[in-house]
Structure formats: C-alpha cells, structure tokens
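Below is one structure, written out as structure tokens, with a few remarks after it.
The values are calculated or read from the model by the stated rules, or taken from the named source; none is laboratory data. Given the structure is predicted, the values throughout are model-derived calculations rather than measurements. Because the Cβ atoms are built from the backbone with ideal geometry, glycine has one as well, and the counts that use them run over all protein chains shown. With ligands, DNA and RNA removed, areas are computed over all heavy atoms of the protein, side chains included. Shrake-Rupley method; radii C 1.70, N 1.55, O 1.52, S 1.80 Å.
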Amino acid sequence: MNRMTLVLVAGAIVLTSAVQLSAHHSFTAAYDSTKRVEIEGVVKEFVWRNPHSFVRIEVITKEGTTELWNLEWGSTTQLQAAKYPVTRTTIKPGDHIVAGGEPGRDPAARRVRIYSIKRPIDGWEWEGTVD
C-alpha cells in the first residue's frame, strides 16, 4: 500500500468517527445526574433500536390524569450483553413497570434515563448503566 493510499484511508476513518461521535448526544445535557426519580406506569411501546432503546409508558398522575413518559435505555447490543440480558420481547405493551433513573433537565419533556426497571407481577428486574 503506498503512502498516499494510507493517508486517504486514515483520513476517511477519522472523518467517519467524527460524524458518529457528533451524532451521539451527551446524557448530562439531557438528564440531571444529581437527581434520581422513580416512575411507575403501563408500557405503551418498547422501541428496540440503536443507538438507544426507549420504553414509552403511560403514567397516572396524582391528579388522575394520564401522561406519556419516555424512558431512555441502552443500545440493543448493550442490553443483550448486560448482567441481566434484555431482548426485544422482554418488555411488552401492557406490562406494568417501575423504573428508576435520572430525570430530564426539562420537566415538561417527561423523560428519564433508566438505571433500574422492575416488573412487579413476575419479579423480573434489570439494573445497571448504559451509554
């Protein structure tokens, strides 16, 4: 391989990496890592995808109204490789869950970064951190 080809290949790798890194958001920008919350509700949708999976749940407020919350989780690879592996069928619409994590910096956004999740009916639990 001649020197010019090597330089071009190296440049392409650097550019590709930079594009991928800039596309990934910072959790500290979106979530308040100094706080922890627990949220309980019924799963409306489990979005199994990369770079992050999401669990959308319907929460009944103290006032009796319903709110839709987005719980951000890890990538499919991270969740499958976790101490307690998660698959696309682990959580289903209709499941009642309790999740703990970091609240969103904007309270109106109704979002949480998941650190723990439990399904009380059968005792299934997951705990950990993912990027």
Problem - Extreme residue, most open to solvent (accessible area, probe 1.4 Å), among residues of the range 32-58 that are more than 12 Å from D95 (Cα to Cα) and in a strand (DSSP E or B) - result: E38
Exercise for the section: Please determine, by comparing only the residues of the range 63-91 that are part of a loop (DSSP other than H, G, I, E, B), without any contact (Cβ under 8 Å) to a residue 12 or more places away in the chain and under 20 Å from R110 (Cβ atoms), which one is most open to solvent (accessible area, probe 1.4 Å). Expected result: E63
Exercise for the section: Test G94 against the stated conditions and say whether it is assigned to a loop (DSSP other than H, G, I, E, B) and loosely packed, with under 14 Cβ neighbours inside 10 Å. Expected result: yes
Practice task
Give R119, R113 a once-over and let me know the one that is closer than 20 Å to K44 by Cα, surrounded by 15 or more Cβ atoms within 10 Å (Cβ to Cβ) and in contact (Cβ under 8 Å) with a residue 60 or more places away in the chain.
Solution key: R113
